[in-house]
């Protein structure tokens, strides 16, 4: 096959065009926007029978309807009310959430659940990219993916939390957990004292994604 027509050749050509565009070197036409480039790639894949449009639609549905923080909120609420479930959750998070019908991708081999206490605040991050237990606590917010958060929270955790609105007293220990290739984390927040006696559904309503990342207390 001619190199110009090969997939690798097209990729090299596209990359070179992108470099020319970003470097300010004149090109034969204005640079396409990111959205236009995505649409063009999607159309090209559809033409080759790869059903990209359907896949994008399915991912959009999953992100909006199934990969939501409410899943993790259910887990937290049950852990607050059921000591036996909390023990199983802390011992093997992946197996425990499966009891509630919640699934995780195969490569998320472990779900480590980190229990907060009045004197310990757990915080999760991903210094390499933006990995989370997204099927449980939802897709990561933009600030979680930002290099500013990823680089600073491991070095200046107390300062970063203060800047995000969580001002902890000096006697509270902060533990930062960095996501790995096969291990995902979620924080089990401390139940607010004023919610003792609430139903599981009512408790789930107060649990936030930020509290399960560890940058907020309830």
Problem - Ascending count of other beta-carbon atoms within 10 Å, so fewest first, for 144, 185, 149 - result: 144, 149, 185
Completion exercise
Length gained if residue 167 through residue 109 is fully extended, taking 0.36 nm per residue and subtracting the Cα-Cα distance, is 17.5 nm
Practice task
Tell me the label-point distance for the pair residue 175, residue 82, using the 7 Å Cα-to-Cβ offset, in nm and rounded to one decimal.
Solution key: 2.4 nm
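Read-outs: derived from the displayed coordinates by stated rules, not from any lab. Computed from a predicted structure; not experimentally measured. Please note: Cβ atoms are built from the backbone with ideal geometry, for glycine as well, and neighbour counts cover all protein chains shown.
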